[in-house]
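Please treat every number below as a calculation from the coordinates, not as lab data. Treat the numbers as computed from the prediction; the structure is a model and nothing was measured. Note: ideal-geometry Cβ built from the backbone for every residue, glycine included; neighbour counts use all protein chains shown.
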Amino acid sequence: MKNKHTQHKNFIINVKNLVGQMQSLHLQAIDAYTPIVNELIQRQCNNQKEIERVLDGLLDFASDERILNLFRKLCRYYYQINPQATANYIQYYKKQYDENEELLKSGYFKKNPIK
């Protein structure tokens, strides 16, 4: 019985460590992508491959609201250049994150926190 308790405790510790690493990675992504997004818009970049490369990277971290805001900002800009590609990126986001968004709205994570 004690062995199962120790395994469970170790599992929880490992999950907490992973969550901490993910949060750190998201902070790094925010620091890295904020100036890139701002610079693309400021210089009125119309290089679609360059913009899409940044959108691809932002999608990897779009579960974080701050990154999601950067994604939205760049999508609003990109829409003027390529509305269809922008719509595709929004669909990619919805496919990847809608399930989590529904869980967030339902309060699931608040009711079931990682301890």
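Miscellaneous remarks
- Were the residues from Lys4 through Asp60 laid out at 0.36 nm apart, the gain over their Cα-Cα distance would be 16.7 nm.
- Tyr92-Tyr79 pseudo-label distance in nm [points 7 Å out on the Cα-to-Cβ vector]: 1.8 nm
- For the peptides 15-23, 27-35, residues were scored by their other Cβ atoms within 10 Å and the scores averaged per peptide; the highest-first order is 27-35, 15-23.
- Relative compactness, the stretch 2-111, computed as alpha-carbon Rg over 2.2 N^0.38 Å: 1.35
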